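The values are calculated or read from the model by the stated rules, or taken from the named source; none is laboratory data. No experiment lies behind these values; they were computed from the predicted model shown. As a convention, Cβ positions derive from the backbone with ideal geometry for all residues, glycine included, and neighbour counts pool all protein chains shown. Accessible surface is based on the protein model in full, side chains and every heavy atom, while ligands, DNA and RNA are left aside. Shrake-Rupley method; radii C 1.70, N 1.55, O 1.52, S 1.80 Å.
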Amino acid sequence: KNGVVINDVWISGFNLGIDFNQTDNFMSNFAVELCTLGIRITQSDVEISNGTIYSCNDGALISNGAAVGSGAVSFTGVRAISCLFTGFTVDSGKSVQFIGCGANHDDVTKYATAGLLINASTRISVDGFQGLITTGQHTTGIGIKCVNSTSIAISGGVLQGWFDGIQTSGTSSSNISISGVVSVSNYRHGINLQGGDRITVVGCQASFDGSA
């Protein structure tokens with residue numbers, strides 16, 4: 001349904017926690033937990049803010065590349081905690097913004113794929129992402145993983161305890177900007193540019209990476 005506003009909701013124990021498949025939907029002050037997939041978005045003009053996605057297999061999936069219209073999908077102040085595979089995934093998505101979001105836990109068996117996975121997507125903005133594995137170092141999961149995607153801007157934030165803090169790959173990746181990111185104590189690399197074209201890295205800090 002178009003034009004839905006959801007506030008102060010707690011969703012637990014479903015295969016799919018909540019499905020946004022129409023435009024002009026808004027959700028704030030929420031918790032989604034113990035679902036196979038916490039949140040799915042397949043349309044544009046969706047705003048998600050101030051919530052927690054806890055102990056889902058995958059936290060949120062945005063796959064709005066075929067959506068009609070050019071409106072954005074935005075996540076503001078949303079935290080994924082203890083997700084099994086990914087905190088957030090943008091797969092064949094467009095015009096998606098993450099502001100002050102994060103994927104955190106103290107268990108290196110969580111986030112086996114990535115805190116944030118961006119695949120085959122375009123016009124993705126990530127500002128101030130906090131990806132923190134606070135105990136040990138991951139040997140598989142990537143903090144922010146970008147595959148075959150274009151027009152990606154990653155700015156600010158901290159990535160700690162991953163296999164790679166940030167990883168770009170794929171021959172179709174291009175126009176990627178990484179700025180002001182702090183990478184610390186990741187197993188292999190703080191920032192690993194495996195493939196792509198027109199990738200810039202400016203004003204980032206890396207320390208104690210490759211310290212397994």
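Counting protein heavy atoms only, the chain has 50 percent of its accessible area on carbon and sulfur, 1.4 angstrom probe.
What region 125-193 shows is 32 Å² of accessible area per residue, with the surface traced by a 1.4 Å probe over protein heavy atoms. Computed on protein heavy atoms with a 1.4 Å probe, the accessible areas place L132, L193 in the order L193, L132, largest first. The overall shape of the chain is oblate: from the C-alpha gyration tensor, with semi-axes ordered a ≥ b ≥ c, the ratio a/c is 1.5 or greater and a/b is no larger than b/c. The solvent-accessible area of D197, taken with every protein chain present and a 1.4 Å probe, is close to 80 Å². Site pair T134 and F14 shows an inter-label distance of 3.0 nm when each label is modelled 7 Å from Cα along Cα→Cβ. Segment L84..V202, full-extension length gain: 39.3 nm, with 0.36 nm per residue of separation and the alpha-carbon distance subtracted. Per-residue packing, averaged as other Cβ atoms within 10 Å, sorts the ranges 161-171, 106-116 into the order 161-171, 106-116, beginning with the highest. The value given for region 147-212 is a Kirkwood hydrodynamic radius of 11.7 Å, derived from the mean inverse Cα-Cα separation. Considering only I11, F208, T86, the residue lying farthest towards the positive end of the dipole of the chain is F208, judged by Cα position with unit charges set on Cβ.
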